[in-house]
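*Asks:* After the C-alpha cells below, expect a handful of questions from me.
Taken together, the values in this text are just the output of simple stated rules run on the coordinates, not laboratory data. Owing to the predicted nature of the structure, the values given are computational and were not obtained by experimental measurement. All Cβ positions, glycine included, derive from the backbone under ideal geometry; neighbour counts span all protein chains shown.
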Amino acid sequence: WNYWLSAVTIAAEISAAATIINWWKPVLPDPAWSTIFVLLILFINLVGVRLYGELEYWFAILKILIVIVFIIIGICVTTGGLGGHVIGFQYWKDPGSFTGGGLGTLNVLLSAGFSFMGTEIVGITAGEAKNPTKTVPRAIKNTFWRIVFFYIITIFLLGMCIPYTNPDLANADGDPGTASFTIVFTLAGIEVGAHIINVVILISVLSAANSSLYTCSRTLLGLAKDGLAPKWLGRMNRWGSPYIAVLISSIVGFLCVFASIYSASVAFVWFLSITAVSGFISWWGIAVVHIRFRRAFKAQGRELSDLPYRAFAYPWSAIVAIVLTTFIILGQGYSSFTPQFDAVKFVTSYIGLVPVTLWYLGYKIIKRSKVVPLVDVDFETGRVTRLDVEKDKEEDEVLPWYRKALAWVV
C-alpha cells in the first residue's frame with residue numbers, strides 16, 4: 001500500500017507538465033492542462049500494456065538521443081571546442097563545491113532521490129513480461145549502466161560547465177528557461193536550447209507519470225490477488241488492463257488539478273516530498289525483503305544457481321541500502337529544526353511517514369499477522385519453469401539485429 005501511495009507521483013509530474021507547457025504561451029490555465037494530461041495517460045493505461053510498452057520504448061530512445069547530444073555539447077563547452085575559453089575544472093576550485101556543507105547536501109537528497117524513483121519498475125513489469133527470465137535480468141543490468149552513463153556523466157558535465165553561483169540558477173523557480181541543461185545550450189550558442197530542453201522535459205515528465213500510473217495500478221492488482229485489497233480491483237478489460245485499479249490510481253492524479261488551482265509549482269513541491277519519502281520507504285522495504293528472500297532460499301536448501309539473476313555484492317549492497325534510506329528518511333527534514341523550528345517545512349518533510357505508519361499498524365492490529373518462517377516462504381507460486389526459459393530463448397533468437405541492439409541500449 002505504501003508503494004501504491006507513490007501514485008502521488010502522477011500528481012507531481014502532471015503539475016510539473018502544466019507549468020512547463022505554459023512556459024511557451026499560457027493558452028490554457030494550469031488546471032486545464034493538468035486535466036488533459038491525466039486523461040491522456042489514463043487512456044494509454046486503459047488500452048493495455050502493449051501501447052504502454054511501445055510508447056515508453058520510443059520515449060526512451062528520444063531521451064537517450066537528446067542526452068547523448070547534450071554530453072557531446074557539454075564536452076565541447078568545457079574544453080573550448082566551440083570557440084570559447086577552456087573551462088576545465090576551474091569551477092570546482094572557484095567558487096568550489098558542496099555549498100552549505102553537509103546540511104546543504106542533506107537538503108537535496110530527497111529531490112535527488114525523487115529523480116531516481118521508478119528504477120524498481122523492472123521488478124513490477126516482470127509479471128507481464130513475455131520472457132521475464134531473459135528481459136528482467138537484462139533490464140536490471142542496463143538500468144545500472146544507464147544511470148552511470150546518462151545520470152552521472154551528465155551531472156559531472158553540468159558541474160564542469162556551470163558554477164553554482166550562476167545567476168540563472170539562483171533565479172530558477174520552475175521556469176525551464178533557467179534549467180541547467182538550457183544554460184549549457186546557451187553557452188554553446190544554441191539559442192533554441194530552451195525550447196529543445198522544454199520539449200524533452202515535457203516528454204520526460206509525462207513518461208514518468210505514465211509509468212507511475214502503470215506501476216500503481218499493477219500494485220493494486222497484486223494486492224487484490226493476494227487478498228490484501230478488494231477482489232474487484234483485479235477485474236480486467238478486453239485489452240488485459242486492470243481497468244478499475246487504473247481508474248482508482250488515476251483519481252490521485254486528479255489531485256493535481258485541484259492543487260494547481262492554487263499554484264502548480266507549490267503543488268509540485270508538496271507532491272514531490274510525499275512521493276520521495278514513500279519511494280525511499282519502498283526501497284527500504286525492497287532491501288529488507290531481498291535479505292529475507294535469500295535467507296529463505298538458503299534455509300530451504302535451494303541452489304542459488306536456480307536464480308536467473310543474483311544481485312551484486314549481496315548482502316552488503318542490501319545492508320548499505322537499508323542504512324542510507326533510513327538516514328535519508330529520518331534526516332532529510334533536519335533543516336526544519338535549524339536555525340529555528342519551521343512547522344510548515346517539518347510537515348512537508350515528514351508527512352509521507354504518516355500513511356505508511358497507519359497502514360502498517362492497522363494491518364498488524366486487524367489481521368494479527370506474524371512474520372512468515374523462512375522454511376515456509378512460498379517460492380513456487382508464479383515461478384517460471386525451465387520450459388518457459390527455453391521458450392524465451394527461442395523467441396529472443398527471432399528478433400532482428402537492430403531490435404536487439406536497441407533493446408540493449410533502451
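*Asks:* Under a crude label model (7 Å from the Cα following the beta-carbon direction), how far is Arg302 from Phe43 in nanometres?
*Replies:* Rounded to a tenth, the inter-label distance reads 4.3 nm.
*Asks:* Quick check on packing: order 279-290, 204-215, 106-117 by the mean number of other C-beta atoms within 10 Å, highest mean leading. Could you put the intermediate results ahead of the total?
*Replies:* Values: 279-290: 19.1, 204-215: 23.4, 106-117: 16.7.
Taking the mean over residues of other Cβ atoms within 10 Å, the ranking is 204-215, 279-290, 106-117.
*Asks:* Can you tell me how much longer the chain between Phe312 and Val69 gets when fully stretched, taken as 0.36 nm per residue apart minus their C-alpha distance, in nm with one decimal? Walk me through the numbers before you get to the answer.
*Replies:* Values: separation 243, 0.36 × 243 = 87.48 nm, distance 3.12 nm.
Extra length from Phe312 to Val69 when fully extended: 84.4 nm.
*Asks:* Let me ask something additional. In whole Hz and in residue order, list the ³J(HN,Hα) couplings for the range 349-355 that follow from phi through the Karplus curve 6.51 cos²θ - 1.76 cosθ + 1.60, θ = phi - 60°; x for Gly and Pro.
*Replies:* 6, 10, 5, x, 7, 5, x
*Asks:* Show me the chymotrypsin sites (Phe, Trp or Tyr not before Pro) within the range 59-108 that DSSP assigns to loop and that have at most 13 other Cβ atoms within 10 Å of their Cβ. Each step should come with its number before you reach the end.
*Replies:* Working: sites: Phe59, Phe70, Phe89, Tyr91, Trp92, Phe98; in loops: Phe89, Phe98.
Here the chymotrypsin sites (Phe, Trp or Tyr not before Pro) that fit, given the DSSP loop and packing criteria, are Phe89, Phe98.
*Asks:* Next question. List the residues, sorted by chain then number, that are 5 or more residues from Asn237 or on another chain and whose placed amide H is less than 5 Å from its amide H.
*Replies:* Those qualifying (amide H under 5 Å, at least 5 residues apart or on another chain) are Tyr243.
*Asks:* Apply the Karplus curve 6.51 cos²θ - 1.76 cosθ + 1.60, θ = phi - 60°, to the phi angles in the range 206-221 and return the couplings in whole Hz, x for Gly and Pro.
*Replies:* Once θ is set to phi - 60°, the couplings for the range 206-221 become 5, 5, 5, 5, 4, 5, 5, 5, 4, 5, 5, 5, 6, 5, 4, 4 Hz.
*Asks:* How far, in nm, would the chain grow between Phe346 and Arg368 when pulled straight, counting 0.36 nm per residue and subtracting the alpha carbon separation? Before the final figure, lay out each step's value.
*Replies:* Details: separation 22, 0.36 × 22 = 7.92 nm, distance 3.24 nm.
Going from the current span to full extension adds 4.7 nm.
*Asks:* Say each of Lys93 and Ile153 gets a label point 7 Å from the Cα, pointing the same way as Cα to Cβ; how far apart are those two points in nm?
*Replies:* 2.7 nm
*Asks:* For Ile196 and Phe337 in one chain, what is 0.36 nm times their gap in residues minus the Cα-Cα distance, to one decimal in nm?
*Replies:* Values: separation 141, 0.36 × 141 = 50.76 nm, distance 4.02 nm.
Here the answer is 46.7 nm.
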